[in-house]
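The values are calculated or read from the model by the stated rules, or taken from the named source; none is laboratory data. Fair warning: this is a prediction, and the values are worked out from it, not measured in the lab. Positions of Cβ are backbone-derived with ideal geometry, glycine not excepted, and every protein chain shown enters the neighbour counts. SASA here: full protein model, heavy atoms, side chains in, ligands and nucleic acids out. Shrake-Rupley method; radii C 1.70, N 1.55, O 1.52, S 1.80 Å.
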Amino acid sequence: MQRSVVFSGFGGQGALFAGQVLTYAAMDAGHHVTWIPSYGPEMRGGVARCTVIVSDDEIGSPVVRHPDVAVVFNNPSMEKFQRELRSGGKLIVNSSMVNVPVERDDITAILVPGNQVAAEMGDVRMTNMVLLGAMLAAEPLVELEAAEQALRDHLPERKQHLVEPNIVVLRRGFRNGTQEQNR
Amino acid sequence: MAKQLWKGNEALAEAAVRAGLVAYFGYPITPQTELLEYLSGRMVRLGRAFLQAESELAAINMVYGAACTGVRTMTSSSSPGISLMQEGLSYMAASEVPVVLVDIMRGGPGLGNIQPSQADYFQVTKTSGHGDFRPLVLAPATVQEAVDLVYEAFDLAEQYRTIVIVVADGNIGQMMEPAEMPPMREINGDRPHWALVGADGRDHRIITSLELGAERLEALNLRLQRKIARVKREQVRWKEDKTDDAEILVVAFGTMGRISTTAAEMAWEKGIRAGVFRPISLFPFPAARLEELSQRVKRILVVEMNAGQMLEDVKLAVGKDYPVEFYGRMGGIVPLPDDVLEAVERVHTEL
C-alpha cells in the first residue's frame, strides 16, 4: 500500500513540521517514507507545502499529481487541493482560516477549526497539531501514539518542553477529526 | 546503526564528515546551503577546518590548496556557483590532486532560479573546465544513495587522484528520507607520498598545473588520458528496473530516474511493458550495458530535467539509427509520474 499526504499553508503555520511528524512516525513504524517540500523564493507568509509518501515498498517518485490526502491550512491551499485531490481522497480543512466551500462530492472533507482549538488550548501555534490529529483520525497511516512518540523522540532538546502541550493538542485534534467523520 | 530521517543536503554533509573530511570551503547558494550550514557547526565541533569563503572562486582555490597537502577536502555549490569554480577545477585536474565536489543543481542558464534541474549534465560530465580532463561523476537518486556515494567519493578521488563530482538536483538536496550513516572514519594523519607537507630534511615537491614544455605537457595529458581510460573500465555504475521483458526502455538519472520508475509501474498497469535504466555514473557513462539492452527493447525514451543533455550520450551508445525519443522539462519544472507516463504512451502508440 502507498499513500500520499500533502500539508499546505502559509509559511509559519507549521505545515512542513506537521508533515515531518507524520514522516518520523511512519519511519519509526517501519514504513518507507519520503518528505519533500515545495521550496521557492519564499519568505514568512509565502506558500509552505510538503508532500509525504508512506509506503510498504520502496518509493519511486516523491511527488504526485493527485494526493490521497490533503491537509489545507488556508484558502489558497484549499483552492488548489480541492481541485487536485484524487477522487475518493480526504481533505482536512482548517475551517478557522478557510472559507472556500467544499464543492466536490467525490471526496471526504473533514472540517476542523484548527486555530480556534489551538488558541483555546493555550497557543495558536499548535494549529498544525490539531490538523495532524484530525488527519490521523481520517486516514490512520500511523497510530496516534506513534505520532506522539515521534514528537518525544525527534524534537530537539531545547524544544522538549513543548512536547507535552503539543501531544494534548494532537489528541484533541484526533478526537475532533473522529467526531467530524462520524457526523 | 539504525536509519534516521535526513534532509539530503545535511545527509551529504554528515557522510562527508564520516568519510574523513578534514577541510571544507564553500559559499552559500540555494538549494545547497544546508550542506554548508550543517558543516559550519559540525566541523568546528570536531576541531576540523570549515571556512565560508568570500566567493566560489576563493572557495575552490582554498580547496586546491588543502588538496595539495593530501588531506580530504571538498566544496559544494549549485549550478551558477559551479560555473565560477571551473578554473580551479581545471587547475586541480592538471595537478592531479584528489577532490570531492557536490553540485545540487538548480534551474538555469544564468542566475536562473532555485528550483530543481538537471541542466548541468554537460557541465559536470564534459565541460568542467578548459583542457582535456573528465571528472568522475556520480548521480544519486535517493538520500541513502547520496550518502553512500559521497562517502565513497573520497576513496575514489584518492585512488585515481582525480575530481569526483556528486551531482543531484534540488529535490534530493531538499527532501527528507530515512538513511543509514556509514561508520565514522579515523583521521590518522598519514599523507600520500606526493603531498606537500613541508620539505624538512628532503627535497621539495612541486604540485603545479603549469608546464611550459610542450612535450612534458603532452606527457601529462597522456597520463590523464590513461587515468580516464582506467576510470572508464572500473567505475561504470547503473541500476535497472523491470528491464527483463521491457519493450520501451526509459533512461533517466537522479530524481527523474525514480520518478520514471513510478511511471513505469503505471505503464505496466496499462499493459505497456516499460523498464527503467538509471545511470549512476554519468561519467563514465554506462554505454555498453545500454547498447546491450537496446537490442532487447524496441524503443528508448530519455527523460531529463533539461533540453536533452544525457540524450547525446544515449545516442552515442546505441548508434544513430536507433529510435531514441526524448521528454524533458526545463526551468525548474519537475515532471510528475503521469507526465512521464504520457510520454511513454506516446512512444508506445508509435511501436
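Quick one: would you say residue A:145 is part of a helix (DSSP H, G or I), open to solvent by 70 Å² or more (accessible area, probe 1.4 Å) and farther than 18 Å from residue A:6 by Cα?
Yes: the conditions hold for residue A:145.
Which of the following residues is over 14 Å from the mean Cα position of the chain (by Cα) and at pLDDT 95 or above: A:65, A:3, A:44?
A:65
For residue B:110, state whether it is open to solvent by 10 Å² or more (accessible area, probe 1.4 Å) and at pLDDT 95 or above.
Details: open to solvent by 10 Å² or more (accessible area, probe 1.4 Å): yes; at pLDDT 95 or above: yes.
Considered against the rule, which asks whether it is open to solvent by 10 Å² or more (accessible area, probe 1.4 Å) and at pLDDT 95 or above, residue B:110 comes out as yes.
Would you pick out the residues in segment B:37-59 that are hydrophobic (A, V, I, L, M, F, W, C) and surrounded by fewer than 24 Cβ atoms within 10 Å (Cβ to Cβ)? So that I can check it myself, show each step before the final result.
First pass over segment B:37-59, keeping only residues hydrophobic (A, V, I, L, M, F, W, C): B:39, B:43-44, B:46, B:49-51, B:53, B:57-59.
Answer for segment B:37-59, where residues must be hydrophobic (A, V, I, L, M, F, W, C) and surrounded by fewer than 24 Cβ atoms within 10 Å (Cβ to Cβ): B:43, B:44, B:46, B:49, B:50, B:51, B:53, B:57, B:58.
Which members of segment A:14-70 meet the condition of being polar (S, T, N, Q) and under 30 Å from residue B:111 (Cβ atoms)?
A:34, A:38, A:51, A:61
Residues of segment B:315-335 being aliphatic (A, V, I, L, M) and open to solvent by 30 Å² or more (accessible area, probe 1.4 Å), which ones?
Step one: filter segment B:315-335 for residues aliphatic (A, V, I, L, M), giving B:316-318, B:324, B:330, B:333-334.
Once the filter is applied, which keeps residues that are aliphatic (A, V, I, L, M) and open to solvent by 30 Å² or more (accessible area, probe 1.4 Å), segment B:315-335 yields B:316, B:330, B:333, B:334.
If residue A:30 passes every condition in (1) within 11 Å of chain B (Cβ to nearest Cβ); (2) touching a residue at least 12 places away in the same chain (Cβ under 8 Å); (3) open to solvent by 10 Å² or more (accessible area, probe 1.4 Å); (4) of a type outside the set (A, V, I, L, M, F, W, C) but one, which one does it miss?
Condition (2) is where residue A:30 drops out.
Answer with yes or no whether residue A:104 is open to solvent by 20 Å² or more (accessible area, probe 1.4 Å), outside any loop (DSSP other than H, G, I, E, B) and away from chain B (no Cβ under 14 Å).
Details: open to solvent by 20 Å² or more (accessible area, probe 1.4 Å): yes; outside any loop (DSSP other than H, G, I, E, B): no; away from chain B (no Cβ under 14 Å): yes.
When the stated conditions are applied, residue A:104 does not pass them.
Taking interchain pairs and intrachain pairs at least six residues apart, which have beta carbon atoms under 8 angstrom, with the first residue in segment A:155-183 and in a helix (DSSP H, G or I) and the second among the acidic types (Asp, Glu)?
Between residues of segment A:155-183 that are in a helix (DSSP H, G or I) and residues that are among the acidic types (Asp, Glu), the close pairs are A:165/A:123; A:167/A:148; A:170/A:148; A:171/A:148.
Filter segment B:12-28 down to residues that are more than 20 Å from residue B:189 (Cβ to Cβ) and of a type in the set (A, V, I, L, M), then give me how many there are.
3
Would you mind telling me which numbered condition in (1) touching a Phe, Trp or Tyr at 6+ places or on another chain (Cβ under 6 Å); (2) open to solvent by 10 Å² or more (accessible area, probe 1.4 Å); (3) of a type outside the set (A, V, I, L, M); (4) under 30 Å from residue B:204 (Cβ atoms) residue B:24 fails?
Answer for residue B:24: the failing condition is (2).
Which residues, counting only those in segment B:10-54, are in a loop (DSSP other than H, G, I, E, B) and within 18 Å of the chain's Cα centre (by Cα)?
B:19, B:21, B:29, B:30, B:31, B:32, listed by residue number.
Given the conditions (1) within 30 Å of residue A:63 (Cα to Cα); (2) open to solvent by 10 Å² or more (accessible area, probe 1.4 Å), and given that residue B:184 satisfies all but one, which numbered condition is not satisfied?
For residue B:184, the failing item is (1).
State which residue is farthest from residue B:137 (Cα to Cα) when the search covers only segment B:83-113 and only residues that are within 16 Å of the chain's Cα centre (by Cα) and in a loop (DSSP other than H, G, I, E, B).
Taking the candidates together, the pick is B:85.
Going through segment A:111-133 one residue at a time, which ones are within 12 Å of residue A:95 (Cα to Cα) and open to solvent by less than 20 Å² (accessible area, probe 1.4 Å)?
Hits for segment A:111-133 are A:112, A:114, A:117, A:127, A:130, A:131.
Within segment B:1-22, which residues are within 13 Å of chain A (Cβ to nearest Cβ) and more than 15 Å from residue B:140 (Cα to Cα)?
Once the filter is applied, which keeps residues that are within 13 Å of chain A (Cβ to nearest Cβ) and more than 15 Å from residue B:140 (Cα to Cα), segment B:1-22 yields B:2, B:3, B:4, B:5.
Do we have residue B:11 as open to solvent by less than 30 Å² (accessible area, probe 1.4 Å), under 27 Å from residue B:197 (Cβ atoms) and at pLDDT 95 or above here? Even if it seems obvious, please write down each step before you answer.
Values: open to solvent by less than 30 Å² (accessible area, probe 1.4 Å): yes; under 27 Å from residue B:197 (Cβ atoms): no; at pLDDT 95 or above: yes.
The answer is no for residue B:11.
Across segment A:71-95, what is the number of residues that are open to solvent by 50 Å² or more (accessible area, probe 1.4 Å) and of a type in the set (Gly, Ala, Ser)?
Adding up the residues that qualify gives 1.
Is it fair to say residue B:80 is without any contact (Cβ under 8 Å) to a residue 60 or more places away in the chain, away from chain A (no Cβ under 14 Å), not β-branched (Val, Ile, Thr) and not in a loop (DSSP other than H, G, I, E, B)?
Considered against the rule, which asks whether it is without any contact (Cβ under 8 Å) to a residue 60 or more places away in the chain, away from chain A (no Cβ under 14 Å), not β-branched (Val, Ile, Thr) and not in a loop (DSSP other than H, G, I, E, B), residue B:80 comes out as yes.
Out of all the residues in segment B:290-328, which are within 30 Å of residue B:225 (Cα to Cα) and assigned to a loop (DSSP other than H, G, I, E, B)?
B:306, B:307, B:308, B:309, B:319, B:320, B:321, B:322
Out of the residues in segment B:143-169 meeting the condition of being within 14 Å of chain A (Cβ to nearest Cβ) and more than 13 Å from the chain's Cα centre (by Cα), tell me which one is least open to solvent (accessible area, probe 1.4 Å).
Only one residue fits best here, namely B:143.
Could you count how many residues in segment A:44-94 are among the aliphatic types (A, V, I, L, M), within 14 Å of chain B (Cβ to nearest Cβ) and not in a loop (DSSP other than H, G, I, E, B)?
Qualifying residue count, segment A:44-94: 5.
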